[in-house]
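Written below as structure tokens is the structure these notes are about.
The values are calculated or read from the model by the stated rules, or taken from the named source; none is laboratory data. Quick caveat: nothing in here was measured; it's all calculated off a predicted structure. Cβ sites come from the backbone with ideal geometry, for glycine too, and all protein chains shown count toward neighbours.
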């Protein structure tokens, strides 16, 4: 029985599901395709926009830094040429501060890092503190004469500033401060050739305001990091104060790994964003522009909302349509189901009412007509059933009478066999005395007559023995007397005893004995001998002028006895009845009118009661093979015991 993997749905549920499927599937497919395509287009647009914004923002920072660096390089070259005293230098620095409001202070250091002059909004300071350990001085010496740009620092008012340091080189080396004039053959510049270092601190608040005020989409912004992943600038000052290292952020890692593609990443604040890193050309910083994914796809969200509304509306419409369909189609079908149930319960008078004017009404009328016909048939069947009950009772009575007659027949056969046995033995005794000359010598004619009478007496004794055995089997009083038996000897003796009968019938009877006789088998010698004789006798009787070959073969398990003749054979349609009581094939009756039909029945019963199996093959006009197989180890107890009851009347 198949296992249901899904619950069985009613037709109404199937109709509803079908309407929903047909109405919603196209909408869902179209919506999914459009949303997917729209998201791809929006992502492409966001990528293009971010690259433009990132490049523009990076250009602002680059222009700011490059302008200041060029001004400082020019100032360093002027100082290298003029070699003026600190007072004049302070005036030049004051002029620089007036020209560039972003300058907070300008410091001139000598080649050893000692301050020569410092100029800021408060004036000039000619004190000489040692600044050789400052980051600016050490970085310039390390950078082979190139300029140095510091990280962003924040003052007391959270004002951002950076420091730019430029070395003052001799006039013959000053042209190497320009990167475009350097080559692999250019000499290495070491701090011992410096004439000094100019260090200027710039307030970059306006620049940072311009950079950090960059917005893109809803919630998008830009921030700046250096090549080590340190946060240089961020629009959220509180976040900047708490987080200086952002090297683990996806976009920052991409920049550090020289990957400048626009990608969907997780922002420094754990938000899914579309980000684009852009490296500055003036130093190792990078501007990262990012926009939340929700902002990028906000344009498609309204379409999704509209699609949801349409899908829900379509679902409601499909439900309403399915309800109408159910009313028009399923309610009549439900009435038909009720009618079917009524009929199955035996109410054949029930009729279905359908008010529609379509095929369902025709179906209901057909159903009602069928119900009426069934009701009529049921009435007829009741009448016939009563007649059948009457006939059954009559048959039952007849069967009882037949059983009584069969019992009477068996009792009669048993009684007749016993009653005939005594006079038959007396007749046989007197005939034997006559044959032996007790009443005087016999002439040849009389002797022949007496011998024939003795022969018929023996036949009659055999018939009576068969009748008695059948009677005992029917009464379940059939006994076996088991003892070790030489099966080969039985066959040889019976073949020898029947040689004369075979010769009289002009039949060539031959026994093909095994080279070595089989071991003794626990059998009922008398009944087994009777079975062996019956098969040989049958073969002689139905093989006039032919051949009968008797075989005994055995292996480690079984002994097989077969009688093969080239006689009349058995018709195919009568083979199944051949081993039944009192049955004889038609051609056997024609060949030999006399016979009881008990021989094969008895053979089968004797063989099967001793654990054996019948062998039977035959073809009309070509001959037959009869025999049986007996196990060498029958497991039968020695001595006399009651044979088990079996259906010997069944066909072999």
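Just to be sure before I move on: is residue 553 within 56 Å of the chain's Cα centre (by Cα), within 21 Å of residue 492 (Cα to Cα), free of Cβ contacts under 8 Å to residues at least 40 places away in the same chain and assigned by TED's automatic domain parsing to the domain that holds residue 490 in the structure I sent? So that I can check it myself, show each step before the final result.
Numbers: within 56 Å of the chain's Cα centre (by Cα): yes; within 21 Å of residue 492 (Cα to Cα): yes; free of Cβ contacts under 8 Å to residues at least 40 places away in the same chain: yes; assigned by TED's automatic domain parsing to the domain that holds residue 490: yes.
Yes; evaluated as a whole, the condition is true for this residue.
Has the stretch 91-99 got any residue that is surrounded by 14 or more Cβ atoms within 10 Å (Cβ to Cβ), at pLDDT below 80 and in contact with a helix residue (DSSP H, G or I) (Cβ under 8 Å, 6 or more places away or on another chain)?
no
Determine whether residue 506 is at positive phi and in contact (Cβ under 8 Å) with a residue 12 or more places away in the chain. Talk me through it step by step, then tell me what you get.
On the way: at positive phi: yes; in contact (Cβ under 8 Å) with a residue 12 or more places away in the chain: yes.
Judged against the criteria, residue 506 is a match.
Examine the stretch 466-484 for a residue that is in contact with a helix residue (DSSP H, G or I) (Cβ under 7 Å, 6 or more places away or on another chain), closer than 16 Å to residue 610 by Cβ and modelled with pLDDT of 90 or more, and state whether such a residue exists.
Yes: the stretch 466-484 contains one or more residues that are in contact with a helix residue (DSSP H, G or I) (Cβ under 7 Å, 6 or more places away or on another chain), closer than 16 Å to residue 610 by Cβ and modelled with pLDDT of 90 or more.
This table checks each residue for (1) more than 30 Å from residue 234 (Cβ to Cβ); (2) touching a strand residue (DSSP E or B) at 6+ places or on another chain (Cβ under 9 Å); (3) surrounded by 14 or more Cβ atoms within 10 Å (Cβ to Cβ).
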{"residue": "54", "(1), (2), (3)": "no, yes, yes"}
{"residue": "67", "(1), (2), (3)": "no, no, no"}
{"residue": "101", "(1), (2), (3)": "no, yes, no"}
{"residue": "109", "(1), (2), (3)": "yes, yes, yes"}
{"residue": "113", "(1), (2), (3)": "yes, yes, yes"}
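Quick check on the stretch 599-611. Is at least one of its residues touching a strand residue (DSSP E or B) at 6+ places or on another chain (Cβ under 7 Å), modelled with pLDDT of 85 or more and surrounded by fewer than 17 Cβ atoms within 10 Å (Cβ to Cβ)?
yes
Give the residues of the stretch 76-90 that are out of contact with any strand residue (DSSP E or B) (no Cβ under 6 Å at 6 or more places or on another chain) and crowded, with 17+ Cβ neighbours inside 10 Å, sorted by residue number. Give the derivation first.
Just the residues of the stretch 76-90 that are out of contact with any strand residue (DSSP E or B) (no Cβ under 6 Å at 6 or more places or on another chain), to begin with: 77-78, 81-85, 87-88.
The one that is out of contact with any strand residue (DSSP E or B) (no Cβ under 6 Å at 6 or more places or on another chain) and crowded, with 17+ Cβ neighbours inside 10 Å: 77.
Quick one: what pairs do we get from the stretch 69-97, first residue over 11 Å from residue 117 (Cβ atoms), second part of a helix (DSSP H, G or I) and at pLDDT below 85, C-beta under 6 Å, 6+ apart or different chains?
Correct list of pairs: 73/177; 77/174; 80/174.
Being in contact with a helix residue (DSSP H, G or I) (Cβ under 9 Å, 6 or more places away or on another chain), at pLDDT below 75 and surrounded by 12 or more Cβ atoms within 10 Å (Cβ to Cβ) narrows it down to one of 352, 296, 273, so name that one. I'd like the intermediate steps shown before the answer.
Working: 296 fails: at pLDDT below 75; 273 fails: at pLDDT below 75.
Going through 352, 296, 273 in turn, the sole match is 352.
Checking residue 634 against (1) surrounded by fewer than 23 Cβ atoms within 10 Å (Cβ to Cβ); (2) modelled with pLDDT under 90; (3) outside any helix (DSSP H, G or I); (4) in contact with a helix residue (DSSP H, G or I) (Cβ under 8 Å, 6 or more places away or on another chain): exactly one of these is not met. Which one?
(4)
Pick out, from the stretch 193-263, the strands (runs of 3 or more DSSP E) lying fully within it that include 1 or more residues that are surrounded by fewer than 21 Cβ atoms within 10 Å (Cβ to Cβ), assigned by TED's automatic domain parsing to the domain that holds residue 165 and modelled with pLDDT of 80 or more.
On the way: elements: 196-203, 220-225, 231-233.
Where strands (runs of 3 or more DSSP E) fall fully within the stretch 193-263 and carry at least 1 residues being surrounded by fewer than 21 Cβ atoms within 10 Å (Cβ to Cβ), assigned by TED's automatic domain parsing to the domain that holds residue 165 and modelled with pLDDT of 80 or more, they are 196-203.
I'd like to check something: does the stretch 505-519 contain any residue that is at pLDDT below 85 and assigned to a strand (DSSP E or B)?
Filtering the stretch 505-519 down to residues at pLDDT below 85 leaves 517-518.
With assigned to a strand (DSSP E or B) added as a condition, the list becomes none.
Within the stretch 505-519, not a single residue is at pLDDT below 85 and assigned to a strand (DSSP E or B).
Kindly indicate whether residue 626 is under 18 Å from residue 540 (Cα atoms), at pLDDT 80 or above and touching a helix residue (DSSP H, G or I) at 6+ places or on another chain (Cβ under 7 Å).
Values: under 18 Å from residue 540 (Cα atoms): yes; at pLDDT 80 or above: yes; touching a helix residue (DSSP H, G or I) at 6+ places or on another chain (Cβ under 7 Å): yes.
It is true that residue 626 is under 18 Å from residue 540 (Cα atoms), at pLDDT 80 or above and touching a helix residue (DSSP H, G or I) at 6+ places or on another chain (Cβ under 7 Å).
Mind checking whether some residue in the stretch 579-594 is farther than 23 Å from residue 519 by Cα, in a loop (DSSP other than H, G, I, E, B) and free of Cβ contacts under 8 Å to residues at least 12 places away in the same chain? Outline the logic, then answer.
Initial filter on the stretch 579-594 (farther than 23 Å from residue 519 by Cα): 579-594.
If we keep only those that are in a loop (DSSP other than H, G, I, E, B) too, we end up with 579-585, 592-594.
From the residues that got through so far, the ones that are free of Cβ contacts under 8 Å to residues at least 12 places away in the same chain too are 593-594.
Looking for residues that are farther than 23 Å from residue 519 by Cα, in a loop (DSSP other than H, G, I, E, B) and free of Cβ contacts under 8 Å to residues at least 12 places away in the same chain, one finds at least one in the stretch 579-594, hence yes.
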